[in-house]
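Comments concern the structure below.
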Amino acid sequence: KGYFMEDLLQTDAAINQGNSGGPLVNLNGELVGINTLIVRGGNGSSAVVEGLGFAVPSNTVRFIAERIITQGYFARPYVGVSYQSITPSIARRYDLPTEWGAYVTDVNPGSPAANAGLERGDIIVRIGDQRIDEESSYINVLFAYQPGDRVTIKALRDGQEVSFDVVLGEVSAN
């Protein structure tokens with residue numbers, strides 16, 4: 001099963017297989033990210049994209065490293081939804097009631113979202129006191145919280161804002 005990564009730094013610095021986890025530095029030798037993946041041509045595509053690499057930004061790396069140091073592992077908060085990010089162009093195309101948010105495409109049975117009453121088709125626009133917008137994606141807003149935190153998720157359902165009291169679960173990466 002795949003996973004979704006966002007807020008990566010794109011670089012044309014040479015990243016070869018086996019370089020994942022290595023530093024991406026600026027001209028001053030300062031760490032700006034950790035090399036994570038490369039995109040290669042192929043899979044029936046005629047586009048050649050050799051040299052297109054991505055790195056996790058250093059502020060994300062610092063945040064995760066601090067949690068590993070203090071807790072011994074990094075636990076991601078779990079809501080239990082699959083989603084599609086909403087941007088202004090997607091909102092216009094599908095005539096959605098908001099320019100930013102997370103459109104819920106599926107709710108996992110027995111998940112914190114299911115227990116709170118979230119449904120497929122809801123559009124999450126806020127988690128706790130932080131709005132999902134151009135600067136703050138769903139996943140980044142979610143990562144501001146810890147597993148076990150009780151948060152209010154605000155969503156749009158049939159054009160009306162509704163609130164859900166959610167106790168975040170945990171997905172650990174030991």
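The values are calculated or read from the model by the stated rules, or taken from the named source; none is laboratory data. Bear in mind the structure is a predicted one, so any value in this text is a computation, not a measurement. Here Cβ is always computed from backbone atoms with ideal geometry, including for glycine, and neighbour counts include all displayed protein chains. For accessibility, only protein heavy atoms count, side chains too; no ligands or nucleic acids. Shrake-Rupley method; radii C 1.70, N 1.55, O 1.52, S 1.80 Å.
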Read through the labelled values (i) 103; (ii) 130; (iii) 161 and report the label of the one computed as volume of the Cα convex hull per residue in Å³ from the structure.
(iii)
Charges on Cβ only, +1 for Lys and Arg, -1 for Asp and Glu, centred on the Cα centroid of the chain; of 16, 148, 132, which one is farthest towards the dipole's positive end?
16
Let me test this: with uniform point scatterers at the alpha carbons of region 84-139, what is the Debye-based log₁₀ I(q)/I(0) at q = 0.13, 0.15, 0.19 1/Å?
-0.33, -0.43, -0.67
In whole Hz, the Karplus estimates of ³J(HN,Hα) for region 150-166 (6.51, -1.76, 1.60; θ = phi - 60°; x where Gly or Pro) are 9, 10, 9, 9, 9, 9, 9, 9, 6, x, 10, 7, 10, 10, 10, 8, 10
In Å, the C-alpha Rg and Dmax of region 95-174 are 12.2, 41
Where is the GNM fluctuation largest for the chain (alpha-carbon springs, 10 angstrom cutoff): 123, 38, 153?
38
Might you tell me the accessible area per residue for the chain, computed with a 1.4 Å probe and given in Å²?
61
For the chain, which whole-number percentage of the solvent-accessible area (1.4 Å probe, protein heavy atoms only) is attributable to carbon and sulfur atoms?
48
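Near residue 132, within a Cβ-to-Cβ distance under 11 Å, what is the net charge of the other residues, with Lys and Arg +1 and Asp and Glu -1?
Here the count lands on -1.
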If you fit an axis through the alpha-carbon atoms of helix 58-71 and take the longest principal axis of the Cα set of the chain, what angle between them do you get, 0 to 90°, nearest 10?
70
